[in-house]
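To keep things clear, I will list the structure first and then write my remarks on it.
Computed from the coordinates by the stated procedures, all read-outs in this text should not be read as laboratory data. Just so you know, these numbers come straight off a predicted model, no measurement behind them. In this analysis, Cβ positions are derived from the backbone assuming ideal geometry, glycine residues included, and neighbour counts consider all displayed protein chains.
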Amino acid sequence: MSFKNLISFEEISENSSNFLDIDSRPNWEELFGNRNPLNLEIGFGVGNFIIEMGIREPSENFIGIDFYHKGIRKVITRIAKYEICNARIVYGDAKEKIPLLFNAEELNRVYINFPDPWPKKRHHKRRLIKPDFIKILVEKLKRGGEIYIATDHEAYAMEILDFFKNELLLKNKNGIGVFLSQKQGIPKSKYEKKFIQAGERIFYLEFEK
Ligand SMILES: C[S@@+](CC[C@H](N)C(=O)[O-])C[C@H]1O[C@@H](n2cnc3c(N)ncnc32)[C@H](O)[C@@H]1O
């Protein structure tokens, strides 16, 4: 992190109670002021999705994790502007933070919209969704909880479907190995809008514990 960014982040921390740079589980109930279901978005980018979800579903709570500084600043500003009370932003790497920030079986829904596909073979190891990461999500997900993933990258979608097939505590909501190619009635992320506009194929994967 550069010195410039460090100062900005300190400023954000001081001025915004919606921004969390933390390494242990806060008392989420106290923090939100209610016991509403906790939903997590991993890699929110510039935050369109979490902002819209927060507005649409006022009786649920939304936590976003990302390490993209510019996106974090944008989303924090918009949470304040729209006076959204049910969204909090966590700074950091989801792989490190999720095990520290949540108890077992406390997440209601997990959204991963357009995770970086790292298309070059030598970069595949950098992909977020791997069997070990899925295990972490399964542990934190309550019974009946759901995981929603969207990607435009076919090979990554197939790899993800394969990993999930081996996770016995989860079932594919659309049938084994099946994905949806359209989704209505749910906010669209920035990347999603971009891919739809470009006529790209999108793979929506949905799992339930
Ligand atoms: C391709 S962008 C998609 C952004 C947004 N979800 C959308 O659909 O418009 C991927 C995002 O995931 C974030 N990201 C990648 N790896 C991450 C990780 N390990 N933990 C948290 N965020 C991560 C990136 O910083 C980036 O903002």
| Which residue, chosen from Ala198, Leu169, Ile63, occupies the Cα position most advanced towards the positive end of the dipole of the chain, where the dipole is computed from +1 (Lys, Arg) and -1 (Asp, Glu) charges on Cβ about the Cα centre? | Ala198
| request: Enumerate by residue number the trypsin sites (Lys or Arg not before Pro) in segment 165-206 meeting two conditions: DSSP loop (anything except H, G, I, E, B), and at most 13 other Cβ atoms within 10 Å of the site's Cβ. | output: Lys183, Arg201
| note | For the pair Asp23 and Ala198, the simple spin-label estimate (label points 7 Å beyond Cα toward Cβ) gives in nm 3.8
| field | Listed peptides 92-103, 47-58 by packing density, highest first (mean Cβ within 10 Å) | value | 47-58, 92-103
| field | Structure-based [θ]222 nm, the chain - -39500 (n - 2.57) summed over DSSP H runs of at least 4, per residue, nearest 500 | value | -11000 deg cm²/dmol
| Charge dipole magnitude, Cβ of K and R +1, D and E -1 - the chain, Cα centre, debye nearest 20 | 680
